[in-house]
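Data block below; observations after.
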Amino acid sequence: MTYSAGRKIYDADSHVMETREWLDPFMDAQLRSMIRPMYGKEPGRIDKILDQAKARKGDAAAEAAAFENPIAGPKGWIAAGAFDPVERTRVLDMLGFSAQLVFGTSALSPVLAAKDEGIRYAGMRAYNDAMAAFCNTDKRLMGVAFVALDNPKRALDEVNAAIKAGNRAISVSAGPAGEMSPGHPDLYPVWARLEETGTPFMLHIGVGTKTQPMAFRNNGRERAPDLHGGGENLRFADYVMLSFAPQVWLTAMVYDGIFERFPKLRGGIIESGAGWAPEFLRELDLGLKSFGRTDPYLKAMQMKPSEQLRRAVKFTPFPGEDAGRMIADGGADLFMFSSDYPHPEGTNDPLGRFERTMTAIADDAKDRFYRRNFEEMMNIGAYAGAA
C-alpha cells in the first residue's frame, strides 16, 4: 500500500535539494565564473551530507534505510530522491502521488545575487534548464521555473525558454517587478503567454517574501537559533508575515485588472500558509464596496475581487494548519495538499495531519483538496483550456 492509500493525490509543493554541481552542465565556463558558488567556495557541512547521500549508491543496507519510509525518514539533502531523479521516481512510487510540483531550494540564490542583469537572466536560464532536466525523467515531476519580471522583454524570453525546456509552471517574485507593479501593461505579454499555454504562475516562500524588519530584531536579547539550527532560516517573527507579500502582490494583480483581462490565467500561492486566504478575500470585497463608487478602476470591474481569485488562484496550507476549518470557512475551491518533500517543514506525516482536521469535511470537498483544485490550477484533464 502506498502512502496515499489509494486516494488520487497531487502534491503542490516538493523540492529538489541541489548538489554543488547542479547548474554546471547548463552554464559555460564564463558564466560559472560570474556566479558565486553554491554553498561557498570551500567544501563544508552540506558537501559532507551530499557525499554521504551519494555514497549509498550500491550500498544495499544504506539504500534500504533511506527508502524504508521516505515521508517520515531523513529530510533535506540526505533524503531519498532529494537530488537523484531516479531515486525520486522510486519515492513517488512509494508515496503514490499522481504528480509533484518541484521547486528549487538553493541554486537560485547565487543566481539572483549577481549584480549584472544579463548574468542574472543567463543564470535563470541555466536554473530553469536544470530544473527541466531533473523533472523530464518522470512525467509525474512537474518542474517549476523561475523568471524575474524586472525586464519584461527578457522575462518573456525566459518564460518561452522555460516552457520549451519542459517546465510546467513559472514562479515569480512576490515583490514588485523591479520598479513596476506585476500588473503593468509592459508585462501583459508575459501573462498572455502563460494563459495561452495553460502554464500557471507560482508565488513561493523565498524571493519577495516579507520578513521582520531588522530594527525589530534589536530587542536587547541574544538572537535565538532557528528551527534547523543554521542561524539563517525563517524564524517565528518572519513566519507570521508569510502572507503579507502574497496579499500585496495579489491585490495589485486584482486592482490592475490582470485576472479579468486574462480570464484563463491560473496560479498558486505555495508555502505561505493559507488560513489567511478566506478573510483576505472578504477584505478585498470590502475594499471594493468602500472605494468602488469613486475609483474608476474599481468601477470598471465586472467581477468581485474574491470571484476573480477564486477562479484564478489556489493556496497550500501548512500541515500544522487546520485545513478542515479553512474549507468550512472559505469553501472547498481554494486549497490544495502539499508535502514539501523533502523539506522538514512538511513533517513526517502531512497527509495524516491534514486528515485529522477534516473529519467533518465531505468526501467531495476532500477530493478537491487532494486532486481537483490542483488539476484546475494545472489545466489537467477536464480543466484543460477551461475558462
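In the stretch 353-387, which residue that is of a type in the set (Gly, Ala, Ser) and in a helix (DSSP H, G or I) is surrounded by the most Cβ atoms within 10 Å (Cβ to Cβ)? Can you show your working first?
First, pick out the residues of the stretch 353-387 that are of a type in the set (Gly, Ala, Ser): 360, 362, 365, 381-382, 384-387.
Next cut, in a helix (DSSP H, G or I) only: 365, 381-382.
Numbers: ALA365: 20, GLY381: 11, ALA382: 10.
For the stretch 353-387, the residue satisfying everything is ALA365.
Considering only the stretch 156-167, state which residues are assigned to a loop (DSSP other than H, G, I, E, B) and surrounded by 24 or more Cβ atoms within 10 Å (Cβ to Cβ).
ASN167
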For the stretch 60-78, does any single residue satisfy the condition of being farther than 30 Å from ARG371 by Cβ, outside any helix (DSSP H, G or I) and of a type outside the set (Gly, Ala, Ser)?
-> no
The helices (runs of 4 or more DSSP H) lying wholly within the stretch 240-318 that contain at least 3 residues that are in contact (Cβ under 8 Å) with a residue 24 or more places away in the chain, touching a Leu at 6+ places or on another chain (Cβ under 7 Å) and buried (at least 17 other Cβ atoms within 10 Å of the Cβ) are 244-255, 305-312
For the stretch 195-213, state whether one or more residues are modelled with pLDDT of 95 or more, surrounded by fewer than 16 Cβ atoms within 10 Å (Cβ to Cβ), of a type in the set (Phe, Trp, Tyr) and under 22 Å from ALA12 (Cβ atoms).
-> no
Would you pick out the residues in the stretch 135-155 that are buried (at least 21 other Cβ atoms within 10 Å of the Cβ) and assigned to a helix (DSSP H, G or I)?
-> CYS135, ALA155
Within the stretch 197-206, is even one residue polar (S, T, N, Q) and either part of a loop (DSSP other than H, G, I, E, B) or under 30 Å from THR294 (Cβ atoms) (or both)?
-> yes
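Give the residue, chosen from ALA64, ALA126, that is modelled with pLDDT of 95 or more and either aliphatic (A, V, I, L, M) or farther than 29 Å from MET1 by Cβ (or both). Write out each step before concluding.
Working: ALA64 fails: modelled with pLDDT of 95 or more.
Result: ALA126 is the single residue among ALA64, ALA126 that is modelled with pLDDT of 95 or more and either aliphatic (A, V, I, L, M) or farther than 29 Å from MET1 by Cβ (or both).
The values are calculated or read from the model by the stated rules, or taken from the named source; none is laboratory data. Because the structure is a prediction, the values reported are computed rather than measured. For neighbour counting, all protein chains shown are included, and Cβ atoms are generated from backbone atoms with ideal geometry for every residue, glycine included.
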